[in-house]
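First up is the structure itself, then whatever we jot down about it.
The values are calculated or read from the model by the stated rules, or taken from the named source; none is laboratory data. Everything quoted here is computed from the prediction, not taken from an experiment. Ideal geometry is used to build each Cβ from the backbone, glycine not excepted, and the neighbour counts take in all protein chains shown. Heavy atoms of the whole protein, side chains included, go into the accessibility calculation; ligands, DNA and RNA do not. Shrake-Rupley method; radii C 1.70, N 1.55, O 1.52, S 1.80 Å.
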Amino acid sequence: MTLDQSAAPSDMDAMKISIAFSASRRPEAQEALQRLTKKYGQVSEENAEVIVALGGDGAMLDAMRRRFGDKKPVYGMNRGTVGFLMNDFDEEDLYQRINKAEKATVMPLRMAATDIHGELHECLAINEISLFRQTAQSAKLRIRVDSRERMSELTCDGIMVATPAGSTAYNLSAHGPILPIGANLLALTPVSAFRPRRWRGALLRHDAKVEFDIVEPERRPVAAGADNQEVRDIAHVRVMEDRSKPLTMLFDPGHALDERVLREQFSF
């Protein structure tokens, strides 16, 4: 892969890149997949230099989750709804766009969740690790940060640890803070906190180790989610950043992720 911003646009051979296209099930994404593979070709993800994801943010996250092993860059084009993580869709000049793209590196979170039966479940998340009640009963949680208890009991609908990349997703909907990319921070954000009612969460260092104990886990069952991966009936959850699994997203110049995060803070 060239990714050489000085390459002449007319030198198509120098700019050609082996691409693996992936698409969501949306009709718009599937139609785009057919047209783009005909125009640019298609190789397997194993042999590709760049992955191009078509769809919405869900398609982008799915494509990125498959990159934990090979760390190949992912360039998304919006054929979905929100598309916060996506570039604008355009069938033309794809090689040039990818070669000129700006890189954004994100670090995932690792969740180690132990259920009430003692089974350990480990998952990686790009946006957030979230805990949420399974029934009408509120969840009761004990919170430790770096092995020190910070809250003996939080009664709530749930809580999450969000990365900067995920801070504009579920975290923002729960009135959590927007974090600039590269801020080296994590957002700890409650969902509908009942006691203490006024607690709005906390900002943590990116390398903080956060632990949650579920109080009365059988009477007040709680599930844990790592993006769209769910584990039910948990008793304990540990969350920490995994810097051994960096992921790279590609954005058109002027539309990089840090610029989008900044713009989001001034939107209403």
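When residues in the stretch 196-230 are screened for being without any contact (Cβ under 8 Å) to a residue 12 or more places away in the chain, over 20 Å from residue 149 (Cα atoms) and either of a type in the set (Val, Ile, Thr) or out of contact with any strand residue (DSSP E or B) (no Cβ under 8 Å at 6 or more places or on another chain) (or both), 0 of them pass.
The residue that is least open to solvent (accessible area, probe 1.4 Å), counting only those in the stretch 70-79 that are under 24 Å from residue 169 (Cβ atoms) and in a loop (DSSP other than H, G, I, E, B), is 73. When the stretch 80-109 is limited to residues that are open to solvent by less than 50 Å² (accessible area, probe 1.4 Å) and of a type in the set (Val, Ile, Thr), the one that is modelled with the highest pLDDT turns out to be 98. Filtering the stretch 120-154 to residues that are assigned to a loop (DSSP other than H, G, I, E, B) and open to solvent by 50 Å² or more (accessible area, probe 1.4 Å) leaves 135, 136, 137, 146, 147. For the stretch 155-198, taking the residues that are of a type in the set (A, V, I, L, M) and open to solvent by 50 Å² or more (accessible area, probe 1.4 Å), the one that is nearest to residue 210 (Cα to Cα) is identified as 185.
Looking across the stretch 100-151, the residues that are within 11 Å of residue 211 (Cα to Cα) and among the small types (Gly, Ala, Ser) come down to 112, 113, 147.
Return the residue satisfying two criteria in turn: it lies in the stretch 12-55 and is part of a loop (DSSP other than H, G, I, E, B) and either touching a Gly at 6+ places or on another chain (Cβ under 7 Å) or open to solvent by 70 Å² or more (accessible area, probe 1.4 Å) (or both), and of such residues it is modelled with the lowest pLDDT.
Let us first name the residues in the stretch 12-55 that are part of a loop (DSSP other than H, G, I, E, B), namely 16-18, 24-26, 41-49.
From what is left, the residues that are either touching a Gly at 6+ places or on another chain (Cβ under 7 Å) or open to solvent by 70 Å² or more (accessible area, probe 1.4 Å) (or both) are 16, 24-26, 42, 46-47.
On the way: 16: 86, 24: 95, 25: 94, 26: 94, 42: 96, 46: 96, 47: 97.
The residue in question is 16.
When residue 98 is tested against (1) part of a helix (DSSP H, G or I); (2) free of Cβ contacts under 8 Å to residues at least 12 places away in the same chain, just one condition goes unmet, and that condition is (2). Inside the stretch 145-179, residues that are touching a Ser or Thr at 6+ places or on another chain (Cβ under 9 Å), β-branched (Val, Ile, Thr) and farther than 17 Å from residue 204 by Cβ make up a count of 1.
Within the stretch 36-48, residues that are more than 14 Å from residue 16 (Cα to Cα) reach partners that are among the aliphatic types (A, V, I, L, M) and open to solvent by less than 60 Å² (accessible area, probe 1.4 Å) with beta carbons closer than 7 Å, at six or more positions or on different chains, in the pairs 44/20; 45/20; 45/51.
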